[in-house]
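This is the structure I want to talk about, given as structure tokens.
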Amino acid sequence: MTRPPMPPAAMIAAFRRAPRNPVLALQAGKTIFDGGNTRLALAVWSIGDDLSQVSRVKDDARAPDELRQLSAFADEKLRDHFTALHASAVAEMEAQTGDDLARIRAAIWPLTHNAPFDYRTPFQKPVIFYVPDLPAMEVTPNELIAWHRPLEDACKTIGEEYFTVYERGIGELPYVPGDTKSPEWQVLSGDLAWGSIHLWKEAKPTDKLASFPRTAAALAGADLVRISGVPMEAFFSRLRPGAHIPPHYGLTNARLTVHLPLQIPEDCAIKVGDTINVWEEGKIIAFDDSYQHEAWNRSGRDRVVLIFECHHPDLSESERRAIEHSFAVRQNWLDNRFTLTGLR
């Protein structure tokens with residue numbers, strides 16, 4: 001005898017007990033969706049996707065047809081939701097500013113977009129956020145970076161501060177964490193061959209920031225990407241002799257990655273798209289890391305650069321605010337999933 005389906009309340013209770021069970025996440029979400037609580041169903045599927053990749057079950061030929069259909073259904077609804085979330089965030093900013101934000105309205109969150117799309121520029125493939133109508137350039141000429149000169153003038157001061165603090169043993173961490181699962185990063189996973197000292201990370205100051213007051217003062221005049229006034233990220237990057245950062249794509253073409261070179265031995269370079277660029281001490285390189293890029297140190301000394309992100313110079317202030325708002329709205333929804341589902 002077939003067991004009758006559990007009611008939505010029982011399904012969400014079961015999901016709370018075993019949120020890493022992909023079958024339960026798919027079934028609970030569908031039962032809750034059919035019961036009319038779309039918001040809760042989306043939260044269940046989204047958490048299930050984070051914990052057990054329920055949206056990929058549809059592509060698993062070994063999975064039962066019923067589960068593959070459920071996975072495809074959940075994936076479709078999640079894509080529609082996130083695409084609509086971006087549209088509503090931009091509409092809010094248009095209403096607030098009175099500006100036409102067509103370029104940002106047409107932007108895409110590639111991992112969750114609900115329609116086919118093509119990247120328009122060879123070698124450019126941002127992972128998280130893509131503005132198709134934004135001018136594409138591998139490396140932006142320094143004359144287009146209004147604030148670059150004062151930062152370059154401070155390079156010697158920044159370098160002296162960094163090497164003094166480093167020699168005291170402040171400690172650095174592998175840039176690629178040891179628990180990284182991505183195959184392309186295994187060669188550097190947990191390895192100080194590519195080490196970093198973060199001043200800000202994920203829009204929060206680190207415990208290292210107080211050791212670099214002169215660097216922080218110099219960065220205050222640069223156009224760092226900020227959230228609520230706090231820089232998203234800035235760090236010293238040390239690449240040891242023989243180290244190679246493999247080809248990869250960055251998160252978005254709405255930002256540029258800026259390198260201020262502090263120590264550059266021979267036989268070190270960064271390739272962006274199909275162009276090889278050689279760092280020059282004291283001269284910034286501002287490049288679009290949504291292009292495929294890689295870097296190497298084939299010398300016998302460490303390469304050291306200060307790295308942070310700035311806004312794409314072609315973006316207006318209203319467009320920047322709209323992008324930040326879209327990111328914030330998305331993150332707010334992701335944070336609220338756990339309250340909605342009763343999970344911590």
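So, ALA328, is that one under 30 Å from GLY48 (Cβ atoms), touching a residue at least 12 places away in the same chain (Cβ under 8 Å) and surrounded by fewer than 17 Cβ atoms within 10 Å (Cβ to Cβ) or not? Outline the logic, then answer.
On the way: under 30 Å from GLY48 (Cβ atoms): yes; touching a residue at least 12 places away in the same chain (Cβ under 8 Å): yes; surrounded by fewer than 17 Cβ atoms within 10 Å (Cβ to Cβ): yes.
It is true that ALA328 is under 30 Å from GLY48 (Cβ atoms), touching a residue at least 12 places away in the same chain (Cβ under 8 Å) and surrounded by fewer than 17 Cβ atoms within 10 Å (Cβ to Cβ).
So which pairs qualify, if the first residue must be in the stretch 129-141 and open to solvent by 50 Å² or more (accessible area, probe 1.4 Å), the second must be of a type in the set (A, V, I, L, M), the Cβ gap must be under 7 Å, and the two must be at least 6 apart or on different chains?
These pairs meet every condition: ASP133/ALA106.
Oh, and also: Return yes when ALA220 is free of Cβ contacts under 8 Å to residues at least 60 places away in the same chain, of a type in the set (A, V, I, L, M) and either surrounded by 17 or more Cβ atoms within 10 Å (Cβ to Cβ) or over 21 Å from HIS293 (Cβ atoms) (or both) and no when it is not.
Working: free of Cβ contacts under 8 Å to residues at least 60 places away in the same chain: yes; of a type in the set (A, V, I, L, M): yes; either surrounded by 17 or more Cβ atoms within 10 Å (Cβ to Cβ) or over 21 Å from HIS293 (Cβ atoms) (or both): yes.
Against the criterion (free of Cβ contacts under 8 Å to residues at least 60 places away in the same chain, of a type in the set (A, V, I, L, M) and either surrounded by 17 or more Cβ atoms within 10 Å (Cβ to Cβ) or over 21 Å from HIS293 (Cβ atoms) (or both)), ALA220 qualifies.
Taking the stretch 281-296, which residues are open to solvent by less than 40 Å² (accessible area, probe 1.4 Å) and in a strand (DSSP E or B)?
Filtering the stretch 281-296 down to residues open to solvent by less than 40 Å² (accessible area, probe 1.4 Å) leaves 282, 284-291, 293-296.
Within the stretch 281-296, ILE285, ALA286, PHE287, TYR291, HIS293, GLU294, ALA295, TRP296 qualify.
Also: Just to confirm my filter: which helices (runs of 4 or more DSSP H) fall fully inside the stretch 1-92 and include at least 3 residues that are open to solvent by 30 Å² or more (accessible area, probe 1.4 Å) and closer than 28 Å to PHE117 by Cα? Before the answer, list the steps.
On the way: elements: 8-17, 22-34, 38-52.
By residue number, 38-52.
Could you look through the stretch 251-260, keep only residues that are open to solvent by less than 30 Å² (accessible area, probe 1.4 Å) and not in a strand (DSSP E or B), and pick out the one that is nearest to SER182 (Cα to Cα)?
This residue is ASN253.
How about the stretch 261-271: which of its residues are out of contact with any His (no Cβ under 9 Å at 6 or more places or on another chain) and open to solvent by less than 30 Å² (accessible area, probe 1.4 Å)? Walk me through how you get there before you give the answer.
Taking the stretch 261-271 first, the residues out of contact with any His (no Cβ under 9 Å at 6 or more places or on another chain) are 261-269.
Correct list: PRO261, LEU262, ILE264, PRO265, CYS268, ALA269.
Hey, another quick one. Against the condition under 18 Å from HIS148 (Cα atoms), modelled with pLDDT of 95 or more, open to solvent by 10 Å² or more (accessible area, probe 1.4 Å) and touching a strand residue (DSSP E or B) at 6+ places or on another chain (Cβ under 8 Å), how does HIS312 come out, does it pass?
Details: under 18 Å from HIS148 (Cα atoms): yes; modelled with pLDDT of 95 or more: yes; open to solvent by 10 Å² or more (accessible area, probe 1.4 Å): yes; touching a strand residue (DSSP E or B) at 6+ places or on another chain (Cβ under 8 Å): yes.
Yes; evaluated as a whole, the condition is true for this residue.
Take the residues of the stretch 148-186 that are outside any loop (DSSP other than H, G, I, E, B) and acidic (Asp, Glu): which is most open to solvent (accessible area, probe 1.4 Å)?
It comes out as GLU167.
Can you pull out every residue in the stretch 231-250 that is surrounded by fewer than 20 Cβ atoms within 10 Å (Cβ to Cβ) and closer than 20 Å to SER316 by Cα? Show your work before the answer.
Just the residues of the stretch 231-250 that are surrounded by fewer than 20 Cβ atoms within 10 Å (Cβ to Cβ), to begin with: 232-233, 240-242, 244, 246-249.
MET232 - this is the single residue of the stretch 231-250 that is surrounded by fewer than 20 Cβ atoms within 10 Å (Cβ to Cβ) and closer than 20 Å to SER316 by Cα.
Next up: Taking only pairs six or more apart or across chains, which ones have beta-carbon atoms under 7 Å, a first residue in the stretch 233-244 that is at positive phi, and a second residue that is part of a strand (DSSP E or B) and not charged (D, E, K, R)?
Partner pairs satisfying both residue conditions: GLY242/ASN297.
For the stretch 272-280, state whether one or more residues are touching an Asp or Glu at 6+ places or on another chain (Cβ under 9 Å), of a type in the set (A, V, I, L, M, F, W, C) and open to solvent by less than 10 Å² (accessible area, probe 1.4 Å).
The answer is yes, given that some residue of the stretch 272-280 is touching an Asp or Glu at 6+ places or on another chain (Cβ under 9 Å), of a type in the set (A, V, I, L, M, F, W, C) and open to solvent by less than 10 Å² (accessible area, probe 1.4 Å).
The values are calculated or read from the model by the stated rules, or taken from the named source; none is laboratory data. From a predicted model like this one, the values you see are computed outputs, not experimental measurements. With ideal geometry, Cβ positions are generated from the backbone for all residues, glycine too; neighbour counts draw on all protein chains shown. Quick note on the areas: whole protein, heavy atoms, side chains included, nothing else; ligands and nucleic acids left out. Shrake-Rupley method; radii C 1.70, N 1.55, O 1.52, S 1.80 Å.
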